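The values are calculated or read from the model by the stated rules, or taken from the named source; none is laboratory data. Since the structure is predicted, the reported quantities are computational estimates derived from the model, not experimental observations. Neighbour counts run over all protein chains shown; Cβ positions are idealised from the backbone, glycine included. Accessible surface areas use protein heavy atoms only, side chains included; no ligands, DNA or RNA. Shrake-Rupley method; radii C 1.70, N 1.55, O 1.52, S 1.80 Å.
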Amino acid sequence: MDTILVVNAGSSSLKFEVFAAAKQLTRLVKGKMEGIGTAPHLTIKGAGGDRLADESYPCETVPDLPAAMRLVGQWLRERHDGRLIAIGHRVVHGGPDHMHPVRIDEALVRELERYTPLAPLHQPNNLAPIRAILEHQPQLAQVACFDTAFHRGHDPMADHYAIPAHYFAEGVRRYGFHGLSYEYVAGRLAAIAPEVGMGRVIVAHLGSGASLCALHQGKSIESTLGFTALDGLPMGTRCGQIDPGVLLYLLQQRGMTPGELQDLLYKESGLKGLSGISNDVRDLLASDAPGAVLALDHFIHRIGFNTGALAAVLGGLDAFVFTAGVGENSPVMRERIAKKLVWLGAKLDAGRNAAGELLISSEDSRIAVYCVPTDEELMIARHTFALVTA
Ligand code: ADP
């Protein structure tokens, strides 16, 4: 059996999935190495959720991502049947030009390294396992799938910031992220309701990272994420859209260092910063502390606010889609967000929403509202299979 390995490498974790590579891709294995460099722990599950591995390792055994990649590779070779034909990687930044996934070679890695300053917290981690595999198994096909690629059809006007134009050429511009999720959801919508999929749609990817994407005829025309994954909606620990004057104040008046500011914006803000309690929506829903109430109210307010902006860009709205951790799993959050969309014609069916059905709007809703589970890994596996069998 031919297989495809999908790799999603983060700062201290390596998520991976194995798919049987045939016309229809089937998920076989799903695993995660967490605590890389601190308290490494590997969990692997089979297709039916059965536990295949649950092991801790000494810190010295898995000090970094390449070591984690080698260990996962070894486990798969020893314990898993199948002939690995390719590895597909999630790469956060494909720069301004990559509209599609690409086969990886040394030259591409050098190009992608240039985007590290644009995504310093993600890009080096995404590239580390790629480099390790190029070094140890150069014959193995690798494919890079970019979170930015789906947004590259934007009108360039929309991707500008209103600062002197030469900064755009330098790369200071809007890119948009969560593209693999939006591409998957757009594909699902085209299958579920082709007419709706060809219309004006806003997809809300609400996980620990959160953003909205405006789709027209299945293509991204706007996104709330811009130059980095800090823009737009407040997220678990990230601030979302903020007046740049606040940053100047923190740097100039409060004497913050750039590193401290980065930590504040990426790790201490969003739901966590506002609530002072947690970055997890489940914890906030369970709490009646004023901070928890404020954080969720603000999150929902900003979703409504940004939906209005994207609906204006689309010139109206035919459908709204919830996806990712919060969007897929929380009927209460869907209901509270949908209340902000009443003016656009959204009305939920309480029973369908509670059951998490695909179509959750009522018969008399003027726009269709869907709950569509996303699957970025399957999207990567599909791209990888298509490229290596082309
Ligand atoms: P990531 O961006 O890390 O892939 P996910 O899309 O898995 O994140 O979303 C994770 C978030 O989803 C959690 O932090 C939590 O806030 C939220 N979440 C998951 N399940 C629920 C639930 N049942 N109710 C509310 N929120 C949930």
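For segment 320-344, which positions are outside any helix (DSSP H, G or I) and either open to solvent by less than 20 Å² (accessible area, probe 1.4 Å) or near the ligand (Cβ under 9 Å from one of its atoms) (or both)?
Step one: filter segment 320-344 for residues outside any helix (DSSP H, G or I), giving 320-323, 330, 340-341.
Answer for segment 320-344, where residues must be outside any helix (DSSP H, G or I) and either open to solvent by less than 20 Å² (accessible area, probe 1.4 Å) or near the ligand (Cβ under 9 Å from one of its atoms) (or both): PHE320, VAL321, PHE322, THR323, SER330, LEU341.
Any chance segment 216-238 includes a residue that's open to solvent by 20 Å² or more (accessible area, probe 1.4 Å), away from the ligand (no atom under 16 Å from the Cβ), at pLDDT 95 or above and over 17 Å from ASP155 (Cα atoms)? Scanning segment 216-238, I find no residue that is open to solvent by 20 Å² or more (accessible area, probe 1.4 Å), away from the ligand (no atom under 16 Å from the Cβ), at pLDDT 95 or above and over 17 Å from ASP155 (Cα atoms), so the answer is no. The criterion of at least 2 residues that are in contact (Cβ under 8 Å) with a residue 40 or more places away in the chain and out of contact with any helix residue (DSSP H, G or I) (no Cβ under 7 Å at 6 or more places or on another chain) is met by the following strands (runs of 3 or more DSSP E) wholly inside segment 17-81: 26-34.
Checking the condition over 30 Å from PRO96 (Cβ atoms) and either polar (S, T, N, Q) or within 20 Å of the chain's Cα centre (by Cα) (or both), which residue from GLN241, GLN253 passes? Can you show your working first?
Details: GLN241 fails: over 30 Å from PRO96 (Cβ atoms).
Being over 30 Å from PRO96 (Cβ atoms) and either polar (S, T, N, Q) or within 20 Å of the chain's Cα centre (by Cα) (or both) holds for just one of GLN241, GLN253, which is GLN253.
Residues are listed down the side, and each one gets a yes or a no for (1) surrounded by fewer than 17 Cβ atoms within 10 Å (Cβ to Cβ); (2) within 30 Å of LEU140 (Cβ to Cβ); (3) in contact with a Cys (Cβ under 7 Å, 6 or more places away or on another chain); (4) not basic (Lys, Arg):
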site: GLY351; (1), (2), (3), (4): yes, no, no, yes
site: SER361; (1), (2), (3), (4): no, no, no, yes
site: SER365; (1), (2), (3), (4): no, no, no, yes
site: GLU376; (1), (2), (3), (4): no, yes, no, yes
site: ARG382; (1), (2), (3), (4): no, yes, no, no
site: LEU387; (1), (2), (3), (4): no, yes, no, yes
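Look through LEU264, LEU274, LEU250 and report the one residue that is touching a Pro at 6+ places or on another chain (Cβ under 8 Å) and assigned to a helix (DSSP H, G or I). Walk me through it before giving the result.
On the way: LEU264 fails: touching a Pro at 6+ places or on another chain (Cβ under 8 Å); LEU250 fails: touching a Pro at 6+ places or on another chain (Cβ under 8 Å).
LEU274 is the lone residue from the list that is touching a Pro at 6+ places or on another chain (Cβ under 8 Å) and assigned to a helix (DSSP H, G or I).
Quick one: is LEU271 more than 27 Å from HIS160 (Cα to Cα) and among the aliphatic types (A, V, I, L, M)? So LEU271 passes the test. May I ask you to say which residue of ASP297, ASP364 is out of contact with any Lys or Arg (no Cβ under 6 Å at 6 or more places or on another chain), more than 13 Å from the ligand (Cβ to nearest atom), of a type in the set (Asp, Glu) and assigned to a loop (DSSP other than H, G, I, E, B)? After ruling out the rest, the residue left standing is ASP364.
If you check GLY276, GLY304 for being away from the ligand (no atom under 12 Å from the Cβ), over 27 Å from GLN217 (Cβ atoms) and surrounded by fewer than 20 Cβ atoms within 10 Å (Cβ to Cβ), only one passes: GLY276.
Within segment 358-375, residues that are within 16 Å of SER181 (Cα to Cα) have Cβ atoms under 9 Å from residues that are open to solvent by 20 Å² or more (accessible area, probe 1.4 Å) and hydroxyl-bearing (Ser, Thr, Tyr) in these pairs: VAL372/TYR184; THR374/TYR184; ASP375/TYR184, counting only partners at least 6 apart in sequence or on another chain. Applying the condition of being within 12 Å of the ligand (Cβ to nearest atom) and open to solvent by less than 30 Å² (accessible area, probe 1.4 Å) to segment 204-215 and asking which residue is farthest from VAL326 (Cα to Cα) yields SER211.
Quick one: count up the residues across segment 116-126 that are assigned to a helix (DSSP H, G or I) and hydrophobic (A, V, I, L, M, F, W, C). Residues in segment 116-126 being assigned to a helix (DSSP H, G or I) and hydrophobic (A, V, I, L, M, F, W, C): 1 in total. Would you confirm whether any residue within segment 256-265 is in contact (Cβ under 8 Å) with a residue 24 or more places away in the chain and within 15 Å of the ligand (Cβ to nearest atom)? No, segment 256-265 contains no residue that is in contact (Cβ under 8 Å) with a residue 24 or more places away in the chain and within 15 Å of the ligand (Cβ to nearest atom).
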